[in-house]
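Input: a single structure, listed below in structure tokens.
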Amino acid sequence: MTRVSKAELDEAARSWNGPYRPYDLVKEFVVALSVVAAIVIVAAALFSSPDDAPVTIAQWARQAPVDFVTTAVAELDGSSQVATYGPPYNHNGTAQHTLFIRPEKWLGVSHPVNTSQDYVIAPLATIPNDPAVQAAVSTWSGATSDQQTKWTDGYTKGIGTGNTLPAKLPPGDYGPVPTMMTALLNLAQSGGLDGALLTSRQFFQTDYTKPLLFMSDSTAMYFAGLGQAQHLLGTQWGMMNETGSYPGQVWLWLYTFWYQVKPIGSSANADLIVFEIMAVLSLLFICIPLLPGVRSIPRWVPLYKLIWRNHYRELRSSSGPP
Amino acid sequence: MAWGHRRLSVETVLLGAIINLNHPAHVVHWHFFQMSLANLVVIVVMIVVFAAAIALPFPTHGRGGS
Amino acid sequence: MSTRAEKRSWTTRTREIAVGAMPPERLLPDEQPSYVASWIYVFGVLTIAALIMIVLSGVVLALKGPAWWHYTGIGHFINSVHLWAVELFFFVMVVHLWGKYWMAAWRGGRTRTWMTGAVCFLIAVPTAFTGYLSQQNFDAQWIATQAKDGINATGAGAFFNVLNFGQMYSYHILLLPVAVVALVIWHVLLVRRHGVVPPFPVFAAAPGPQSTPPAPQSTLPAPQPPPDPPQPPPAPPQPQAKP
């Protein structure tokens, strides 16, 4: 085969002056639609679709009360993951960055979450006819932050890490924290906290930011434990997976792959790094026709000879021996 | 850990899964690579279908439509 | 031929431009180049068919509201149709992509065809993603709380809140499907305009008729007239008899 330039190859591909044959595109479309509809309906009938019921705060508070209370205490004293997240929830954490690129910081706090106020103080304020709880909240609000931290540290140690809350706390100075947490746990177990976190702005709600952030903050990994059981953790390539044995978002394989590469996945800026890698690769994917080398691989690895074998056979037989 | 599978009505069961996939996934491990069996099946079938699409002869002989 | 008044008419000019760029026989041809003879070529139309199934089942789910499928058997079945249509959509779209790559289908001025297809794939991914977020079940809760970190890190979390069901549902049932469908239409119109990419040419050592690159054409070639019968070679001159 004589050496040809890319320009000549491109020119050769611009149009076709050779033979045509009749082809019914509309019939092809109808057949394709019928085949696809049949496959999809049969698959739906055979396998159905997963629908694991959503977790509620009430359920969390009932099934793992120690975890719930420990998390609520962390929200109260501002030591939880959400409390120290940074933008877009608050200013208390370091935004992810690579070199000078700090988009999280640039876009700022757009969905403010004040964890002690939103998850503890405000819901407790909705409890009617309980002067002891309101007094405990006033005592908390009037204390210094050092005092508050001493109370919460002591309380967290006092309740331990078992499955149930101790009937009696060991001797110590816990301030108003036990009263507040007991009231909050009761509110949560009754279902009132699910509603309180949603209706804090207005009657109609479609924004689940606060309850979802609270559940994902679970210090003893209640929520994460549910995900792990379904192989949905990041370390389990979970981005691709679905609950049960269903196929998931298989097309996310390359996105989750980078998190498994140790220097990237273990970095504090892992999410931003992975996004930047995928943004560059996506741009390159769009621009494949312009990329030297990549655009020539189909010519070097001649899979096309299989695809167009009929055409090349006809060419050979029409050129024939002289 | 039971976090509340929804109780299904009879019609849901009838219109639902003949093959129940609502059990913990089988996972294939290979070095640091892990994938659920369902996803692996999808990928393997894609490769097989691609190879078949190229290898299998396509009916022509002047007929219209596939 | 349009009159001067018609020439000034925007409607007439728009129609003439549109029909000039895409005459009906190019928009819906009843013939294909002879080299289009492989099963790999059906994966484009299979992708469109899967997209139609996604939209049809999605319309039913949207008509009944996001909670319906959790409480009725028929709703759960329609949701299952929607899910498997999505799995099949990505399946056939990626096989189509593989085929087009190995055919180097961007050749001959078809770069935009490749690019619109690639962008369509990249927009289909968040379309599916917002669908998973709209499920209102444990999977949706999990995906939202996990994905928030990735999206917040890019700064997009400031205006694209995966924990906000209402916002994600709106993106999923309207904004992103419109983008996908618009890109598919553009992509298909480009395929119709430029035609299906011809095979890689075979350039022989001694150039023959099939090795000469054809002159570029912007319209379909007219039906070829039958070739003239070969002319007999001229008779050699007869030796003149000497007077």
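Taken together, the values in this text are just the output of simple stated rules run on the coordinates, not laboratory data. Just so it is clear, the structure is predicted and the values come from calculations on it, not from any experiment. Cβ placement follows ideal geometry from the backbone for every residue including glycine, while neighbour counts extend to all protein chains displayed.
Exposed loop sites were defined as chymotrypsin sites (Phe, Trp or Tyr not before Pro) in DSSP loop states (anything but H, G, I, E or B) carrying at most 14 other C-beta atoms within 10 Å; in chain A the longest segment without such a site runs A:205-322. Principal-axis analysis of the Cα atoms of chain A puts helix A:25-47 at an angle of about 40° to the longest axis. For the stretch A:57-229, a crude dipole built from +1 on the beta carbon of Lys and Arg and -1 on the beta carbon of Asp and Glu, taken about the Cα centre, is about 100 debye to the nearest 20. Taking the Cα centre of the protein assembly as shown as origin and assigning +1 to Lys and Arg Cβ atoms and -1 to Asp and Glu Cβ atoms, the resulting dipole is close to 2600 debye. With the contact rule set at Cα under 8 Å and sequence spacing of 6 or more, what percent relative contact order holds for chain A? Over chain A, the number comes to 16 percent. Centre-to-centre, using Cα atoms only, the stretch A:264-309 and the stretch A:139-177 are separated by 55 Å. Principal-axis analysis of the Cα atoms of chain A puts helix A:145-159 at an angle of about 80° to the longest axis. Over the protein assembly as shown, what number does the Rg to Rh ratio reach, with both radii from the alpha-carbon atoms and Rh per Kirkwood? Using Cα coordinates only, the ratio equals 1.11. In straight-distance terms, cross-link reach from residue A:150 covers every one of the lysines whose alpha-carbon lies under 21 Å from its own, apart from those fewer than eight places away in the same chain; here that gives A:168. When you restrict to C-alpha pairs under 8 Å that are six or more residues apart and normalise by the size of the stretch A:134-224, the relative contact order lands at 22 percent.
For the stretch C:38-198, the convex hull drawn through the C-alpha positions has a volume of 119 cubic angstrom per residue. Note on chain A: helix-only mean residue ellipticity at 222 nm, from DSSP H runs of 4+ residues weighted -39500 (n - 2.57) and normalised by residue number, equals -15000 deg cm²/dmol. Rounded, prolate or oblate, given the Cα gyration tensor of chain A, with a/c below 1.5 counting as rounded? Prolate.
Across the options C:63, C:92, C:11, the greatest Cα extent toward the positive end of the charge dipole of the stretch C:1-108 (unit charges at beta carbon of Lys, Arg, Asp, Glu) belongs to C:11.
With both labels modelled 7 Å from their Cα along Cα-to-Cβ, the residue A:253 to residue C:112 distance reads 3.3 nm. Entry note, the stretch C:38-198: relative contact order of 25 percent, from Cα contacts under 8 Å with a spacing of 6+ residues.
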